[in-house]
1. Label chain B by shape, choosing from rounded, prolate and oblate, from the square roots a ≥ b ≥ c of the eigenvalues of the Cα gyration tensor; if a/c is under 1.5 it is rounded, and otherwise prolate applies when a/b is larger than b/c, oblate when it is not.
2. What FRET efficiency would be calculated for the residue pair residue B:74, residue B:44, taking the C-beta separation as r and a Förster radius of 41 Å, to the nearest 0.05?
3. Taking only DSSP H segments of four or more residues, each worth -39500 (n - 2.57), what value at 222 nm results for chain B once the sum is divided by all its residues, to the nearest 500 deg cm²/dmol?
4. Considering the zone a paramagnetic label at residue B:342 would reach in this model (a point 7 Å from Cα along the Cα-to-Cβ line), which residues of region B:390-406 have amide N under 18 Å from it?
5. Give me the distance in nm between label points sitting 7 Å out from Cα along the Cα-to-Cβ direction at residue A:191 and residue B:51, one decimal.
6. If each of residue B:395 and residue A:161 carries a label point 7 Å out from its Cα toward its Cβ, how far apart are those two points in nm?
7. What is the mean projected area of the alpha carbon convex hull for region B:43-183, to one decimal in square nanometres?
8. To the nearest 500 deg cm²/dmol, what mean residue ellipticity at 222 nm is calculated for chain A from DSSP H runs of n ≥ 4 alone, each contributing -39,500 (n - 2.57), summed and divided by the residues?
């Protein structure tokens with residue numbers, strides 16, 4: 001079974017919601033990525049979304065754009081990202097890793113090489129931002145043949161017909177973009193999110209993650225009430241940027257922000273948090 | 001996979017989801033899909049609507065100044081000693097380039113869709129000016145995204161846009177040029193889809209833009225075909241147009257694609273020379289990829305990262321190209337060639353001194369190729385070249401190259 005599906009089943013049994021941090025691979029520099037991933041897992045990450053930097057990240061706001069530029073300036077590439085995932089896997093065989101990025105680096109590498117490389121590295125899901133279901137058949141069939149989940153986005157503007165179509169093609173989870181805008185945008189409205197998630201649930205049993213605009217523990221907790229997973233990216237990436245000169249402090253403080261979100265989510269008004277479902281945590 | 005010309009009916013492309021063979025399509029985030037579907041639906045509704053088309057024709061006649069003349073450049077033809085050269089004078093349009101054909105059309109569509117805010121990207125500033133112009137006329141808010149590098153290079157057009165009431169938004173991400181301006185305009189559109197219409201300036205972007213912009217620009221070729229038939233009683237032997245994104249070229253070519261005997265040439269910017277790596281010759285030197293919502297030829301590195309381009313002409317300085325051009329290249333219907341900055345500058349001076357017409361540096365690339373092509377043809381043969389814009393905007397660039405400060 002795919003690690004993502006297994007992880008959601010474990011969480012469901014434990015009555016907990018998934019926390020999914022996003023960082024851009026190679027930002028602020030390539031040596032920081034694997035230690036940062038381990039720190040995020042220790043702080044309570046259930047699944048990792050690892051950004052593959054691209055020169056033209058159209059759906060991202062300034063924080064992720066700049067992270068891409070920093071990573072590319074250090075020579076980061078899709079091949080290097082796969083090496084980093086392989087390195088992470090040597091010491092963490094459990095935490096699912098989803099690659100999030102744009103189609104052109106994958107096209108450039110070639111679908112066959114990419115899928116073989118991702119499978120060998122231990123990638124569990126692929127979210128290609130600019131690949132809607134209509135254009136995706138050629139990529140997702142071979143992905144699924146090696147049990148890598150194609151993850152798709154849904155938006156506030158997605159019609160019922162598109163929700164149904166997307167849900168049929170998706171595996172792992174569906175990623176609901178909580179607002180009309182780019183990553184790192186301002187306030188999202190939890191009530192509107194709840195309403196749209198209810199609509200989406202009427203078409204699918206897949207877990208629903210929510211991202212774009214979740215910046216703090218309170219918002220994470222509010223979203224965890226209605227979603228199966230909370231995705232946080234720009235808030236972590238901007239903290240990484242601010243602390244890039246002091247790596248130890250960066251790992252510590254970024255992990256602390258994620259841990260605060262974890263705690264807020266687990267302490268939500270619904271039943272008491274349960275421990276034990278998680279990857280081992282050590283200080 | 002080469003198809004012979006007669007096997008393809010060019011009017012049948014793209015398909016309903018925007019594909020020209022394996023090129024084109026709709027490669028955007030889900031956040032933009034509904035906006036594109038809404039646009040496609042509106043476009044399908046109005047593209048054959050008599051009232052819409054009447055209004056468009058009126059605007060093209062009385063606001064843009066169409067039809068533009070097909071001018072026989074007799075003196076230049078004699079100098080080159082080969083084919084007769086005819087210039088399709090898009091430089092005489094209102095705002096000085098072919099770009100207005102498209103913005104007039106998209107603005108009418110925006111109005112019918114009830115949108116109140118227009119956004120656009122621009123490189124050299126010609127599409128930005130054409131967008132600001134129609135926005136002023138319709139009393140709509142207009143925001144033009146422009147790379148901060150291009151803002152430095154094109155101060156005159158920046159000021160024109162501001163005079164027209166547009167907000168020129170500098171883009172400081174990436175290479176700070178046209179491709180980054182396009183990214184930023186897409187981001188704006190995602191956040192403001194409810195009231196905003198995004199006017200793309202070329203035959204690129206996600207479906208339906210390559211189709212819609214082609215249809216608005218195809219008036220160039222329809223007119224040229226009629227004008228040539230009326231004046232000479234025959235079709236031209238060859239067409240030549242410059243290709244950046246490729247809208248003036250598709251505009252000229254489209255009416256002739258099914259005419260198998262008309263040879264067609266698209267001229268890209270070879271910058272300092274393709275071998276130097278400093279160029280914008282996407283079709284001549286690139287490979288297939290996905291950028292800005294469509295699959296097409298791109299200039300990208302081995303890792304699929306888009307690379308910076310170079311051309312003396314800001315309007316050709318783009319690492320992609322319209323997907324229909326990629327397809328026309330692969331099936332062999334259009335031949336794509338490239339000329340250098342130096343050759344284009346020579347073309348600029350030639351037309352200025354021999355015919356008394358100062359051409360845009362973009363169009364000068366097409367002219368430079370004509371100087372190579374015409375002498376290989378007979379004097380009873382005819383070339384139609386797209387003079388896509390006038391060169392007033394470029395005089396600072398040309399003067400600077402000659403060490404003259406204006």
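1. Numbers: a/c = 1.32, a/b = 1.22, b/c = 1.08.
Since a/c stays below 1.5, the shape of chain B is classed as rounded.
2. Working: r = 44 Å, r/R0 = 1.08.
Efficiency for this residue pair is about 0.40.
3. On the way: 16 runs with 167 residues, N = 406.
Result for chain B: -12000 deg cm²/dmol, rounded to the nearest 500.
4. Answer for this model: B:398-403.
5. Rounded to a tenth, the inter-label distance reads 3.9 nm.
6. The two pseudo-label positions are separated by 5.4 nm.
7. Working: hull surface 43.5 nm².
The Cα convex hull of region B:43-183, projected and averaged over all directions, gives 10.9 nm².
8. -15500 deg cm²/dmol
Values in this text are rule-based calculations from the coordinates and carry no lab data. Everything numeric in this text was worked out from a predicted model, so none of it was measured. As a convention, Cβ positions derive from the backbone with ideal geometry for all residues, glycine included, and neighbour counts pool all protein chains shown.
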